[in-house]
Amino acid sequence: MDLGLSGKQALVTGSSAGIGLAIARTLAAEGVRVCIHGRDAARCTAIVEDVVANGGSATMVVADVDADGAPARIADAALGQLGAVDILVNNVGGRVRSGMSVDWFAIPPALWTETYARNVTFAVELIHRLAGPMRTRRWGRIINVASVVATHPSGGVGEYSAAKNGLVNLSLGLSKALAGSGVTVNSVSPGLIQTGAADKWLAATARDRGFGDDLKAAEQWVLSNSLRQTVHRWGMPQDIAYAVCMLASPSADFLNGINLHVDGGATQAVH
């Protein structure tokens with residue numbers, strides 16, 4: 001199916017690995033010129049070269065998301081290289097200390113602020129810089145990558161769940177602020193996805209639950225006690241990439257302000 005994305009230009013934050021990389025590759029395969037973002041220049045260069053070798057078009061920007069002024073540098077670099085950003089995918093985020101305990105009371109209050117800044121404030125700053133030109137052109141897509149725990153918290157990783165809930169709220173509110181502009185805003189909430197970050201979370205869960213270094217035992221505990229899925233497999237980064245590409249398509253202009261759960265059936269309530 002032709003999604004009608006050929007010729008569009010996208011910035012995908014946190015796209016040098018994991019879900020972001022899958023999103024960037026899939027957009028590029030649809031004819032989108034993508035700006036790869038990451039902290040490792042060598043890795044970003046290798047990804048750009050691979051995209052080009054496979055017939056796509058890509059540029060890159062290297063920046064640490066936790067550094068002062070990073071959103072401005074990333075937005076300005078993307079605009080300078082692409083000329084315009086039609087699609088903004090706010091994928092970068094995660095826990096500030098991904099390997100620490102998931103226990104709610106073991107997470108220092110200061111980390112709640114830092115995690116919110118990385119997941120929500122960072123996205124807000126990029127949106128402030130890039131949404132205006134989209135509105136002027138009367139077309140744009142803003143897609144925020146949240147998490148299933150944003151609306152179905154487990155009791156653990158409290159600071160992360162709260163930050164991702166803020167991102168979902170942001171998406172709906174922004175969709176209303178941009179009503180009638182031709183710019184849509186949606187969020188995607190992944191469930192349990194096989195990435196390096198998930199492995200670190202499972203390692204912390206294994207320690208907290210007394211499984212030692214048995215990640216398989218931790219995985220089964222999460223599936224049975226935290227994220228009970230009706231699809232009995234791990235999610236893959238490509239599952240999220242397909243959803244993002246669909247929301248980015250011009251054909252998806254009737255989808256606005258939604259939070260799309262891509263979670264293997266983990267969602268257990270009707271909204």
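The values are calculated or read from the model by the stated rules, or taken from the named source; none is laboratory data. Fair warning: this is a prediction, and the values are worked out from it, not measured in the lab. Cβ atoms come from the backbone with ideal geometry, glycine included; neighbour counts cover every protein chain shown.
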(request) Test each condition in (1) part of a helix (DSSP H, G or I); (2) closer than 17 Å to Gly14 by Cβ for Leu88 and report the one that comes out false. (result) (1)
(message) Restricting to the stretch 76-93, count the residues that are surrounded by fewer than 22 Cβ atoms within 10 Å (Cβ to Cβ) and either touching a strand residue (DSSP E or B) at 6+ places or on another chain (Cβ under 8 Å) or in contact (Cβ under 8 Å) with a residue 60 or more places away in the chain (or both).
(response) 5
(message) Could you go through the stretch 117-139 and let me know if any residue there is polar (S, T, N, Q), under 30 Å from Arg228 (Cα atoms) and in a helix (DSSP H, G or I).
(response) yes
(message) I'd like the residue in the stretch 244-261 that is surrounded by fewer than 21 Cβ atoms within 10 Å (Cβ to Cβ), in contact (Cβ under 8 Å) with a residue 40 or more places away in the chain and hydrophobic (A, V, I, L, M, F, W, C) and, out of all such residues, is farthest from Met134 (Cα to Cα).
(response) Leu260
(message) Please go through the stretch 221-271 and give me each residue that is in a helix (DSSP H, G or I), closer than 22 Å to Ala204 by Cα and over 13 Å from the mean Cα position of the chain (by Cα), ordered by number.
(response) Trp221, Val222, Leu223, Ser224, Asn225
(request) Consider only pairs whose beta carbons are under 6 Å apart and that are at least six residues apart or on different chains; among these, list those whose first residue lies in the stretch 39-54 and is within 7 Å of Ser16 (Cβ to Cβ) and whose second residue is at pLDDT 95 or above and of a type in the set (A, V, I, L, M, F, W, C). (result) Cys44/Ile36; Cys44/Met60; Cys44/Val62; Ile47/Ile36
(message) Being among the basic types (Lys, Arg) and over 15 Å from Val145 (Cβ atoms) is the filter here; which residues of the stretch 85-127 pass it?
(response) Arg97
(message) Take Ser154 and tell me if it is touching a residue at least 24 places away in the same chain (Cβ under 8 Å) and in a helix (DSSP H, G or I).
(response) no
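Filtering the stretch 74-85 down to residues that are aliphatic (A, V, I, L, M) and not in a helix (DSSP H, G or I), which residue is nearest to the chain's Cα centre (by Cα)? Can you show your working first?
Of all residues in the stretch 74-85, those aliphatic (A, V, I, L, M) come to 74-75, 77-79, 82, 84-85.
Restricting the remaining residues to those that are not in a helix (DSSP H, G or I) gives 84-85.
Values: Ala84: 21, Val85: 17 Å.
By that ranking, first place goes to Val85.
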(message) Considering only residues that are surrounded by fewer than 18 Cβ atoms within 10 Å (Cβ to Cβ) and in contact (Cβ under 8 Å) with a residue 12 or more places away in the chain, which ones fall in the stretch 204-220?
(response) Arg207, Asp208, Arg209, Leu215
(request) Spot the failing condition for Asp103; the list is (1) acidic (Asp, Glu); (2) crowded, with 16+ Cβ neighbours inside 10 Å; (3) over 27 Å from Pro250 (Cβ atoms); (4) out of contact with any Leu (no Cβ under 8 Å at 6 or more places or on another chain), and only one is missed. (result) (2)
(request) Determine whether Pro71 is part of a helix (DSSP H, G or I), in contact with a Leu (Cβ under 6 Å, 6 or more places away or on another chain) and without any contact (Cβ under 8 Å) to a residue 60 or more places away in the chain. (result) yes
(request) May I ask you to list the residues in the stretch 65-80 that are charged (D, E, K, R) and at pLDDT 95 or above? (result) Arg73, Asp76
(message) When you scan the stretch 29-51, do you find a residue that is in a helix (DSSP H, G or I), within 21 Å of Ser251 (Cβ to Cβ) and either at pLDDT below 95 or within 19 Å of the chain's Cα centre (by Cα) (or both), even just one?
(response) yes
(request) Looking only at the stretch 22-46, count how many residues are aliphatic (A, V, I, L, M) and crowded, with 23+ Cβ neighbours inside 10 Å. (result) 8
